[in-house]
1. How long is the gain from GLU39 to ASP24 if the chain were fully straight, where each residue apart is worth 0.36 nm and the alpha carbon distance is subtracted?
2. Among DSSP beta bridges whose residues both lie in the chain, state the antiparallel percentage, nearest 5.
3. When THR35, THR5 are ordered from fewest to most other Cβ atoms inside 10 Å of their Cβ, what list results?
4. Once you charge only the Cβ atoms, +1 for Lys and Arg and -1 for Asp and Glu, what is the size of the charge dipole of the chain about its Cα centre, to the nearest 20 debye?
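Just so it is clear, none of the values below were taken in a lab; they were calculated from the coordinates. Quantities reported herein were computed from a predicted structural model and do not represent experimental measurements. For neighbour counting, all protein chains shown are included, and Cβ atoms are generated from backbone atoms with ideal geometry for every residue, glycine included.
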Amino acid sequence: LQGLTVVISPLIALMKDQVDALVDRGVKAANLDSTLGAERAAWVKQGVVSRRLKLLYVAPGR
């Protein structure tokens with residue numbers, strides 16, 4: 001697939017598990033939620049802007 005797929009989920013622990021499994025399989029995935037520090041959140045946002053990421057999990061509060 002081309003572009004970015006966004007998954008919205010309130011289950012932060014599940015998002016982290018899924019992203020970890022995807023990254024282990026070579027998928028360019030990340031999560032954006034309230035547990036991330038400013039530096040990591042900026043890295044994820046830059047990944048979206050630069051089109052580096054293919055799959056983004058986002059918690060509704062973020």
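1. Gain on extension, GLU39 to ASP24, equals 3.2 nm.
2. Here the antiparallel bridges make up roughly 0 percent for the chain.
3. Ascending number of Cβ neighbours within 10 Å: THR5, THR35.
4. Values: 9 positive and 5 negative charges, 56 e Å.
So the magnitude is around 260 debye.
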